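Take a look at the structure below.
The values are calculated or read from the model by the stated rules, or taken from the named source; none is laboratory data. Quick caveat: nothing in here was measured; it's all calculated off a predicted structure. Quick reminder, even Gly has a Cβ in these numbers, built from the backbone with ideal geometry, and neighbours come from all protein chains shown. All accessible areas refer to the heavy atoms of the entire protein, side chains included, with ligands and DNA or RNA removed. Shrake-Rupley method; radii C 1.70, N 1.55, O 1.52, S 1.80 Å.
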Amino acid sequence: MAEPKVKYDRQLRIWGEQGQAALEKASICLLNCGPTGSETLKNLVLGGIGSITIVDGTKIEEGDLGNNFMVDESSIGQSKAKCVCAFLQELNDAVKAKFIEECPEALIETRPSFFSQFTLVVATQLVEEWIVKLDKICRNANVILVVARSYGLTGLVRISLKEHTVIESKPDHFLDDLRLNNPWPELRRFSETIDLNIPDPVAHKHTPYVVILVKMAEEWAKSHGGSLPSSREEKKEFKDLLKAKMIAMDEDNYREAIEASFKVFAPHGISPDLKQIVDDCCAEVDSNSSDFWILVAALKEFIANEGGGEAPMEGSIPDMTSSTEHYVNLQNIYQAKAEADFMLIEERARNILKKIGRDPNSISKTTIKSFCKNARKLKVCRYRSLEDEFNSPIFAELQKYLTDEDFSVAVGFYILLRAVDRFAANYNSFPGQFDGGIDEDISRLKTTAVGLLSDLGCNGLTLSEDLINEMCRFGAAELHAVAAFIGGIASQEVIKLITRQFVPMSGTFVFNGIDHKSQLLSL
């Protein structure tokens, strides 16, 4: 058996050993192991999830062979949960796998406490009534719920939990934390030791742009009443001053300074997103508060005191044209500032833990260090319950989606996926599921969809006839290509939620296989 570090090498580069350890501790419950569920779980098993439990009470039929490669002809008549579980176990023998031959609906109805043992539940192909019941159970037990469904050429994924906090949000683009417009004493002192007017051309072209911008910003502020460039004209003038300092055309450091000059113009202090987090009522902590909110409380104190309105320093600097000596000195200055800020926040966090009656050492140094490094990028995600969304969606958003050409198909599928569940409750089958009577099913589905829109307060609004016809033509089929795509999206979100890295999507993800489009609906 391959060593874990070798086996998971590529993904370790994305979420690191901490993220992999979280995956290996997680226990996942899958409800229904048709193609959508099987594809979701396959991705998680290959990624090294700790344990899986498959709940499905059905037997394999001939129709299953066409959309689920985890079963074959020899499996016909056998337990679907057992066959899929055996196949998944073969993919990764380090994963603990078990199955329960039981209908998920019966389990939800008779043994709600069953779900409290899991980190996360993936519910696939369940109708609305059971999804709402399961969501209540999972919320009460603080278990994450991920709903996934594929239906013909459409499908959806929805996350549901009360709150999800992320320290390592890893945004694609984020401004380097260099404090060029607000240097602390050590950075200012280091900058003062370097002369921008040095006659030596080699030394001149190897002055790091950080130093150039700190000195030039200071010079500007002295001649402009302490303020930095703010208007378009002033910013252009500042860039012209930088150009004027160049003594040769090949000075990459000055080009870098001109390109990075916008960092000088950035406002001081924390971002509105971070301010919203530190001002959240959860930052008023007690003995039941999570580690995240205790660290936010420590961060809030730091910003108001030693931080002088700023978050702790991250401590890393980007690559830049510089002499090795200057670059190493700069690195050390930034790292020393980050370490000093970390120690101050650590001390505040330990004091807060002691004050609320918890072990002052219950939060590890590694966690606090990671929190400080990522303090500017913290994220808090909160999700409405499915019952709230289904009974009272945000009316303005729903109306906007229904009347917006760009969203009309996505919201149409969203409404129709709910309408087919109502249809099935009334007529004991999904529209178009059986041969014959398709015209009658189209008429019935249209009436059901109009009734649903009316219940949501959207009187007079209708859905496209073509969409209603397509929904009936789908006949509730799970197409493998769509199921694989929906399963891929669902498993990606599961990994984000378990590793607490990257930001999981908010709202309902709707896939439109007709136009090859995916959209998020915030309802």
With the condition kept exactly as written, say whether any residue in the stretch 314-322 is open to solvent by 30 Å² or more (accessible area, probe 1.4 Å), within 27 Å of Ser271 (Cβ to Cβ) and small (Gly, Ala, Ser).
-> yes
Can you name the residue in the stretch 48-71 that is open to solvent by 10 Å² or more (accessible area, probe 1.4 Å) and under 28 Å from the mean Cα position of the chain (by Cα) and, of all such residues, is nearest to Cys29 (Cα to Cα)?
-> Ser51
Exactly one condition in (1) at pLDDT 90 or above; (2) open to solvent by 20 Å² or more (accessible area, probe 1.4 Å); (3) hydrophobic (A, V, I, L, M, F, W, C) is not met by Met249; state its number.
-> (1)
Condition test on Trp184, is it hydrophobic (A, V, I, L, M, F, W, C), farther than 20 Å from Asn253 by Cβ and out of contact with any Cys (no Cβ under 7 Å at 6 or more places or on another chain)?
-> yes
Close pairs from the stretch 121-136: first at positive phi and at pLDDT 95 or above, partner outside any loop (DSSP other than H, G, I, E, B) and of a type in the set (Ser, Thr, Tyr), Cβ under 9 Å, at least 6 apart = Gln125/Thr36; Gln125/Ser150; Gln125/Tyr151
Collect the residues in the stretch 72-111 that are part of a loop (DSSP other than H, G, I, E, B) and loosely packed, with under 14 Cβ neighbours inside 10 Å, keeping them in residue-number order.
-> Asp72, Gly77, Gln78, Asp93, Arg111
Say whether the condition of being in a helix (DSSP H, G or I) and touching a helix residue (DSSP H, G or I) at 6+ places or on another chain (Cβ under 8 Å) is met by at least one residue in the stretch 506-517.
-> no
Could you identify the single residue in Gly475, Gly488 that is out of contact with any His (no Cβ under 7 Å at 6 or more places or on another chain), surrounded by fewer than 19 Cβ atoms within 10 Å (Cβ to Cβ), modelled with pLDDT of 95 or more and closer than 18 Å to Tyr151 by Cα?
-> Gly488
Output the residue which, of all residues in the stretch 499-522 that are closer than 17 Å to Ala148 by Cα, aliphatic (A, V, I, L, M) and in contact (Cβ under 8 Å) with a residue 24 or more places away in the chain, is surrounded by the most Cβ atoms within 10 Å (Cβ to Cβ).
-> Val510
Residue by residue through the stretch 350-383, note down the ones that are within 19 Å of Ala304 (Cβ to Cβ), outside any loop (DSSP other than H, G, I, E, B) and under 26 Å from the mean Cα position of the chain (by Cα).
-> Ile368, Phe371, Cys372, Ala375, Arg376
Conditions (1) among the aromatic types (Phe, Trp, Tyr); (2) open to solvent by 20 Å² or more (accessible area, probe 1.4 Å); (3) part of a helix (DSSP H, G or I); number of the one not met by Phe115 = (2)
Being closer than 29 Å to Leu213 by Cβ and either open to solvent by 30 Å² or more (accessible area, probe 1.4 Å) or touching a Phe, Trp or Tyr at 6+ places or on another chain (Cβ under 6 Å) (or both) narrows it down to one of Ala311, Ala340, so name that one.
-> Ala340
